[in-house]
Structure formats: structure tokens, C-alpha cells
Amino acid sequence: MTATLHIEHRITDYPTWRAAFDRFAERRTAAGVTAHRIRLVEDDPHQIVIDLDFEAAAAAHAFSTVLHERVWRTPLSPALVGEPTTRVLVAADG
């Protein structure tokens, strides 16, 4: 089974946020991220959507916990505004 950690949050500016995201690449890989997609909301360049793919929902949930408890609450997360929203998505049957 595969799962996606879907993240939505506000940012102050994309270049600053992207530099921080890129510095975190090894940690994402170590957590089991197999692919990622980044999108900006078309009419709001300060709203970003990230999808991180995992082999299992448990890994997605574990990484979400790490992000909420250890990453987003530190200066390692420049350009974030407010608390990000996360959801774990899995394939629907049928």
C-alpha cells in the first residue's frame, strides 16, 4: 500500500521556504519519502501544497508527527506562517 502525506500551509516567500525544504532532503529520504510534489495555489503565492509519498500509511503518520513536534516548531522552518495542516491519504478501494 502507498500513502501520501498531504501538507498545506502559508509561507512568507517561496525562495526562502524552498531553500529550507531542499536542506531537509536527506531527512525526508531517511523517513521513507519515495517522491514529492510541490504546488503553489494559483491565485495565492503564499499558500503552498506539498504531497510526500510513502510505502505505508504508518510511515506517513510518523513523519507527520516529526514535522509537527520537532521541525515546524523550530527556527529550521523559516518562511512558515501559522500551523500547517496535514492529512494522510490512501488509495480508495474500487
Looking only at the range 36-54, count every residue that is out of contact with any Gly (no Cβ under 7 Å at 6 or more places or on another chain) and either surrounded by fewer than 11 Cβ atoms within 10 Å (Cβ to Cβ) or aromatic (Phe, Trp, Tyr) (or both) and tell me the total. 3
Name every residue in the range 1-48 that is of a type in the set (Val, Ile, Thr), more than 18 Å from residue 90 (Cβ to Cβ) and under 13 Å from the mean Cα position of the chain (by Cα), in order of residue number. 11, 29, 38, 48
Having 1 or more residues that are in contact (Cβ under 8 Å) with a residue 60 or more places away in the chain is the bar; report the helices (runs of 4 or more DSSP H) wholly within the chain that clear it. 14-23
Within the range 6-20, can one find any residue that is at positive phi and in contact with a Phe, Trp or Tyr (Cβ under 8 Å, 6 or more places away or on another chain)? no
Which one of these does residue 57 not meet: (1) within 12 Å of the chain's Cα centre (by Cα); (2) of a type in the set (Gly, Ala, Ser); (3) surrounded by 12 or more Cβ atoms within 10 Å (Cβ to Cβ)? (1)
Identify the residue in the range 27-77 that is in contact with an Asp or Glu (Cβ under 6 Å, 6 or more places away or on another chain) and of a type outside the set (A, V, I, L, M, F, W, C) and, among all such residues, is nearest to residue 7 (Cα to Cα). 37
For the range 83-94, which residues satisfy the criterion of being modelled with pLDDT of 75 or more and over 16 Å from residue 50 (Cα atoms)? 91, 92, 93
How many residues, within the range 51-89, are touching a helix residue (DSSP H, G or I) at 6+ places or on another chain (Cβ under 8 Å) and within 17 Å of residue 18 (Cα to Cα)? 7
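The values are calculated or read from the model by the stated rules, or taken from the named source; none is laboratory data. Just so we're clear, the structure is a prediction, and the values are computed from it rather than from any experiment. So basically every Cβ, Gly included, is an ideal-geometry build from the backbone, and we count neighbours across all protein chains shown.
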